[in-house]
Amino acid sequence: VDGVIGFEYHEGPREWKREEIESLSFTAEILGTFLLKKRSLDRMKLSHMQALEILDHIDSFIYVLDKNSHEILFLNKTAIEFFGTDQLGKRCYEIISGEDAPCPFCPLLSLTESIDCAQKEMYFPKTDLWVKAAVSRIQWSKDRDVCMLHCHNITALKKK
């Protein structure tokens, strides 16, 4: 969107004073700064929306957990369809196994100070589901140790 700020003076030719020119220049700089910030924010929102769109079209469960508390921070569309809605903030083990503690097969247990990513096959007995899971640490916020799990359904392969 383009815009113009205009000043009209209808009483004949006008000569602008130095203070007036400086004031208008300063106003233009402030407006320019706000417009640049808005454009940057608009691009960031579009990028965020595109990333979510991509994650929602992957035919695997993708979810993000706090490594220490196992709190669910993000679910893609496939994970929401499998685990159900309103799962954000809950503990993954409460949903996956119905337990009060982390699952013994939890891939987060594979991560250590020196190991940032791991893969393993897991069986969810509650739903009779086999998945190949990849877990990796990701940047989230400074105060959280966060991991992303990407689980692909391999039940059909296991039942052959």
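Which value results when the Cα radius of gyration for segment 1-66 is divided by 2.2 N^0.38 Å?
Values: Rg = 22.8 Å, N = 66, 2.2 N^0.38 = 10.8 Å.
Rg over 2.2 N^0.38 Å, computed on Cα atoms: 2.11.
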| field | Residues with amide H under 5 Å from that of residue 69, placed H, sequence gap 5 or more | value | none
| query | So how do 109, 75, 31 rank on accessible area, 1.4 Å probe, biggest first, that is with the largest at the start? | reply | 109, 31, 75
| field | Phi to ³J(HN,Hα) by Karplus 6.51 cos²θ - 1.76 cosθ + 1.60 over segment 61-69, Hz, x for Gly, Pro | value | 7, 10, 9, 10, 10, 6, 4, 7, 9
| task | May I have the extent of the alpha carbons of segment 75-148 along their three principal axes, as whole Å values ordered from largest to smallest? | result | 32, 25, 24
| request: Rounded to whole Hz and in sequence order, give me ³J(HN,Hα) for segment 87-99 from the Karplus expression 6.51 cos²θ - 1.76 cosθ + 1.60, θ = phi - 60°, writing x for Gly and Pro. | output: 9, 4, x, 7, 8, 4, 5, 5, 8, 6, 10, x, 9
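Quick one: length gained pulling residue 19 to residue 44 fully straight, 0.36 nm per residue minus the C-alpha distance?
Values: separation 25, 0.36 × 25 = 9.00 nm, distance 3.75 nm.
Length gained between residue 19 and residue 44: 5.3 nm.
Express in % the proportion of alpha carbon pairs of segment 118-160 at distances exceeding 11 Å. Intermediate values should be presented prior to the final figure.
Values: 605 of 903 pairs.
Of the Cα pairs, 67 percent sit more than 11 Å apart.
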| message | Rounded to whole Å, give me the distance from the Cα center of segment 1-59 to that of segment 86-112. | response | 47 Å
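Taking the solvent-accessible surface of protein heavy atoms with a 1.4 Å probe, what is the per residue accessible area of the chain in Å²?
Numbers: 11740 Å² over 160 residues.
For the chain, the solvent-accessible area averages 73 Å² per residue.
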| Using a simple charge model, +1 on the beta-carbon of Lys and Arg, -1 on the beta-carbon of Asp and Glu, nothing else, what dipole does segment 64-112 show about its Cα centre, in debye to the nearest 20? | 160 debye
| query | Roughly how many percent of the accessible protein surface of segment 1-132 is carbon and sulfur, given a 1.4 Å probe and a whole-percent answer? | reply | 56 percent
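What does the helix-only formula give at 222 nm for the chain: each DSSP H stretch with n ≥ 4 adding -39500 (n - 2.57), the total divided by the residues, and the result rounded to the nearest 500 deg cm²/dmol? All intermediate terms of the calculation are to be shown ahead of the outcome.
Numbers: 4 runs with 55 residues, N = 160.
Mean residue ellipticity at 222 nm (helix-derived): -11000 deg cm²/dmol.
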| note | Out of 101, 134, 112 - ranked by how far each Cα lies towards the positive end of the dipole of segment 96-145, with unit charges on the beta-carbon of charged residues - the top one is 134
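Count the lysine pairs in the chain whose Cα atoms sit under 15 Å apart, keeping only pairs 8 or more residues apart in sequence or on different chains. Kindly include the intermediate steps, with their values, before the conclusion.
Working: 37/45; 67/90; 67/142; 120/132; 120/158; 132/158; 132/159.
Total qualifying Lys-Lys pairs in the chain comes to 7.
Once you have the Kirkwood Rh of the chain from its Cα pairs, apply Stokes-Einstein at 20 °C and 1.002 mPa s and quote D in µm²/s. Working shown, then result.
On the way: Rh = 19.8 Å.
Value of D from the Cα-based Kirkwood radius: 108 µm²/s.
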| message | Can you compute 3J(HN,Hα) from phi for each residue in segment 40-56, using the Karplus curve 6.51 cos²θ - 1.76 cosθ + 1.60 with θ = phi - 60°, rounded to whole Hz and x for Gly and Pro? | response | 4, 5, 4, 5, 5, 4, 5, 4, 4, 4, 5, 4, 5, 4, 4, 4, 6
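The values are calculated or read from the model by the stated rules, or taken from the named source; none is laboratory data. Fair warning: this is a prediction, and the values are worked out from it, not measured in the lab. Cβ atoms come from the backbone with ideal geometry, glycine included; neighbour counts cover every protein chain shown. Quick note on the areas: whole protein, heavy atoms, side chains included, nothing else; ligands and nucleic acids left out. Shrake-Rupley method; radii C 1.70, N 1.55, O 1.52, S 1.80 Å.
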